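J.: To start, I am sharing the structure in question, which I have written as structure tokens.
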Amino acid sequence: MKKFRLNRVLLLILCVSIHNFLFAQGKVDPEFNFQVENIIDQRLIKYSELEDLFKDDINDTLKMQFFAQKSQKENYLEGEAFARTKLGIIYREIAQYNRAIAEHLNAYNLAISSTNIELQVINLNMLGVVNRRTANYTRAIEYHQDALKIAESQNELSEGLKKGVAVSYNSIGNIYLELNNPDKALENFNRSLSIEEEMGNKLGLAMNYHNIGYALEEQSKIEAALDYYQRSLQFNEEISSLLGKLICNNSIAQIYLKTERSEQARKILENNLKLAIEIRNPYYITSTYIGLGWALYDLGLYDKAEFNLQKALQISEENNLPSFVAASNIHLSKLYEKKGDYKSAFEKYLISDKITHEIRSEENKQYVNMLDKQYETEKKNNAIQKLEKENALKDLQIEENLRYQIIGLFVILILAGIFFIYSRQRRLKNEKKIITLEQDMLRSQMNPHFIFNSLNSIKLYIINNEKENAVYYLNKFSKLIRKILMASKEKEITLAEELETMDLYMNIENIRFSNEINYKTTISSNVDLDAIKVPSLILQPFLENALWHGLSSKIEDKTINLDITKENGSFIVITITDNGIGRKEAQRIKRNKLLKRKSVGLAITNERLANFYKEHDKDFNVEIKDLYDDNGNALGTKVIITIPMEKEYKLRTA
């Protein structure tokens, strides 16, 4: 055994060395090289288009490695992600599961960077399949559920995403089969089948018919299972899928074994073994050896049966296939029992039972987790309905609280005027002005249009049954309202708190832009945000202007960058840059609007800054620049806010 493994390792090292040498030398077909360069020039992004172009090469490791390297060099993210997806599938089918996982994770990250939803869903599903093969059902179902969430969050499903949803349901059904829950498995297989029927995808139909047969077999509906296996076999023959035919014939042979037609099963499995070895797939080689061993000991051919079952055990142990290790041992136990070797039979039974127990315990945990998730979903549905009612009351409470605040402040001002002497009247007058500005600021942030539009956007998620998005943005919205109300009571906050509030504000506003705004904050390493004090909500009007005047009329590629740097050790420079249509075009659009909205946010902000830095020798500065390219075309707007650092020094010496 050790010698066999050593030879196999040496052979693998030799193959890899030859592969790397050829790859380093660029020894690929010149015609393939030309095809790759042409595809990179076109920058195709659809998985199905790339699959059609590479249909004769997707199982060639050397060519896919070459395509991945060329795509990486040309920064063609979708191309590299596609190639690594195919490499992951190749490695999975030869039982190199760690390499398969690494390739799929790499492809998934590339898909995120390129914002390609289809490739994200495909690789999450493939990661689920790899983990299912190695009996890691907990991780597998998480990957498939993540794939479903991403796909179903889209407003409209493309053909590729529909296939992704079908694959998710199919694989979840297989996991339920391993959990010994054929009813739930059938429910998921039928969901997948309806999608495949709608698309007319014969490969998907073949897979689902086979899996439905497997579920029926688990329910002891043997004849119905055989019918579905045969229907699946017909589809596999139509699309000339060798692997599909192998899988179906193995399942048909198992039906024959269960119905005491062992000789028929043996003939099928002997032919299947040749095919499995030809396609070099350890997973199906192992399952075929197990079935053949079963047929042989049923026929009384014990020595041959033991040889096949030992081969199955060896391959399953070498390729980390715990379910097949358990199956090999249980069939060896039955064989030894037939031979009268009860000691060996008992030992093999104990090994199988231990492995099965380990697998089942993990599965039971996952099953409980799934039930818990279902419960949490129902609970969230009820919570959303309750929140809808509470939000209407909150709007009224906010207005009432504002009235009480204004009345309270007014009473305080009157009492202050009575009890304080004339020498302090100037200070009271200045504080009254600051309070008025804060109230104006709060009304600007909390205007009914913003609240109504935000809640209306969240309501759409609820209507579209996007529960997690609805809860997520309701939490964000409530946190923003709370921060605004708290900020209204404070004259100053840290720059760190201000940036946190702005992140919440941009999150909420971005819903109304269908999450098209790319908002990024960059902070220099020498800036201590917690040591710098600024007026509360001072940045919001500038971000609002960038959104509604700069980017709202732009079609695509909408970005806002907020940069914070230290200048000469005495000033903090806050720069807000958008790539919008520019002030000139925004003014033209505004003039043509029938309903004109008067914006006082910037005027209030300048007044608040003036009052805040009034006591310092160094003054603040707000500068707005229009950005143009060399041809005079508008590139956006840049706002530069320069504030002195005396507040920072005061904080540190306090």
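The values are calculated or read from the model by the stated rules, or taken from the named source; none is laboratory data. Please read these numbers as outputs of a predicted model, since none were measured by experiment. In this analysis, Cβ positions are derived from the backbone assuming ideal geometry, glycine residues included, and neighbour counts consider all displayed protein chains.
J.: Could you please tell me which pairs satisfy a Cβ distance under 9 Å, a separation of 6+ or placement on different chains, a first residue in the range 571-591 that is without any contact (Cβ under 8 Å) to a residue 24 or more places away in the chain, and a second residue that is surrounded by 12 or more Cβ atoms within 10 Å (Cβ to Cβ) and assigned to a helix (DSSP H, G or I)?
T.: 587/549
J.: Pull up the range 45-67, narrow it to residues that are surrounded by fewer than 17 Cβ atoms within 10 Å (Cβ to Cβ) and not in a helix (DSSP H, G or I), then point me to the one that is farthest from the chain's Cα centre (by Cα).
T.: Filtering first and then ranking leaves 56.
J.: Now for a different question. Give the range 278-307 a look and list any residue that's in a helix (DSSP H, G or I) and over 17 Å from residue 328 (Cβ atoms), or say none.
T.: Across the range 278-307, the qualifying residues are 278, 279.
J.: Next question. Among the polar types (S, T, N, Q) and on the phi < 0 side of the Ramachandran plot, is that true of residue 262?
T.: Against the criterion (among the polar types (S, T, N, Q) and on the phi < 0 side of the Ramachandran plot), residue 262 qualifies.
J.: Then there's this: Scan the range 79-95 and report the pairs whose first residue is more than 10 Å from residue 110 (Cα to Cα) and in contact (Cβ under 8 Å) with a residue 12 or more places away in the chain and whose second residue is polar (S, T, N, Q) and part of a helix (DSSP H, G or I), with Cβ atoms within less than 6 Å and a gap of 6+ or a chain change.
T.: Close Cβ pairs (under 6 Å, with a partner that is polar (S, T, N, Q) and part of a helix (DSSP H, G or I)) amount to 85/123; 90/61.
J.: Residue 546 fails exactly one of the following numbered conditions: (1) crowded, with 18+ Cβ neighbours inside 10 Å; (2) over 30 Å from the mean Cα position of the chain (by Cα); (3) not basic (Lys, Arg). What is the number of that condition?
T.: Every listed condition holds for residue 546 apart from (2).
J.: While we're on this one: Looking at (1) in contact with a Gly (Cβ under 9 Å, 6 or more places away or on another chain); (2) assigned to a strand (DSSP E or B); (3) hydrophobic (A, V, I, L, M, F, W, C), which one does residue 493 not meet, given that it meets all the others?
T.: So residue 493 meets the others, but not (1).
J.: Would you confirm, using the coordinates I've provided, whether residue 236 is among the polar types (S, T, N, Q), within 22 Å of residue 95 (Cα to Cα) and buried (at least 20 other Cβ atoms within 10 Å of the Cβ)?
T.: In short, no.
Per-residue answers, yes or no, for (1) touching a Gly at 6+ places or on another chain (Cβ under 7 Å); (2) of a type in the set (A, V, I, L, M, F, W, C); (3) part of a helix (DSSP H, G or I); (4) not assigned by TED's automatic domain parsing to the domain that holds residue 567:
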position	(1), (2), (3), (4)
453	no, no, yes, yes
460	no, yes, yes, yes
468	no, no, yes, yes
472	no, no, yes, yes
477	no, yes, yes, yes
501	no, no, yes, yes
506	no, yes, yes, yes
538	no, yes, no, no
544	yes, no, yes, no
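J.: Here's something else I'd like to know. Which residues, taken from the range 296-339, are closer than 16 Å to residue 257 by Cα, among the charged types (D, E, K, R) and out of contact with any helix residue (DSSP H, G or I) (no Cβ under 6 Å at 6 or more places or on another chain)?
T.: If the condition is that a residue be closer than 16 Å to residue 257 by Cα, among the charged types (D, E, K, R) and out of contact with any helix residue (DSSP H, G or I) (no Cβ under 6 Å at 6 or more places or on another chain), then 334 is the only one that fits.
J.: What residue, among those in the range 459-485 that are of a type in the set (A, V, I, L, M, F, W, C) and farther than 24 Å from residue 545 by Cβ, is surrounded by the most Cβ atoms within 10 Å (Cβ to Cβ)?
T.: 470
J.: Could you check the range 317-344 and list, in sequence order, the residues that are within 47 Å of the chain's Cα centre (by Cα) and of a type in the set (Phe, Trp, Tyr)?
T.: Taking the range 317-344 as the starting set, the residues that turn out to be within 47 Å of the chain's Cα centre (by Cα) are 317-334.
324, the sole residue that qualifies.
J.: For the range 315-338, give me the residue count where each residue is of a type in the set (A, V, I, L, M, F, W, C) and in a loop (DSSP other than H, G, I, E, B). Working first, answer last.
T.: Applying the first criterion (of a type in the set (A, V, I, L, M, F, W, C)) to the range 315-338 yields 315, 321, 324-327, 330, 332, 335.
Next cut, in a loop (DSSP other than H, G, I, E, B) only: 321.
So the answer is 1.
J.: Is it true that residue 132 is crowded, with 24+ Cβ neighbours inside 10 Å and either assigned to a helix (DSSP H, G or I) or touching a Cys at 6+ places or on another chain (Cβ under 7 Å) (or both)?
T.: Details: crowded, with 24+ Cβ neighbours inside 10 Å: no; either assigned to a helix (DSSP H, G or I) or touching a Cys at 6+ places or on another chain (Cβ under 7 Å) (or both): yes.
So residue 132 fails the test.
J.: Follow-up. Give me a count of the residues in the range 123-141 that are on the phi > 0 side of the Ramachandran plot and within 14 Å of the chain's Cα centre (by Cα).
T.: 0
J.: Determine whether residue 510 is outside any helix (DSSP H, G or I) and at pLDDT below 90.
T.: So residue 510 fails the test.
J.: Assess whether residue 185 counts as being among the hydrophobic types (A, V, I, L, M, F, W, C), under 23 Å from residue 254 (Cα atoms) and in contact with a Leu (Cβ under 7 Å, 6 or more places away or on another chain).
T.: yes
J.: Name the residues in the range 549-581 that are surrounded by fewer than 18 Cβ atoms within 10 Å (Cβ to Cβ) and either small (Gly, Ala, Ser) or within 16 Å of residue 507 (Cα to Cα) (or both), would you?
T.: 552, 553, 559, 561, 569, 570, listed by residue number.
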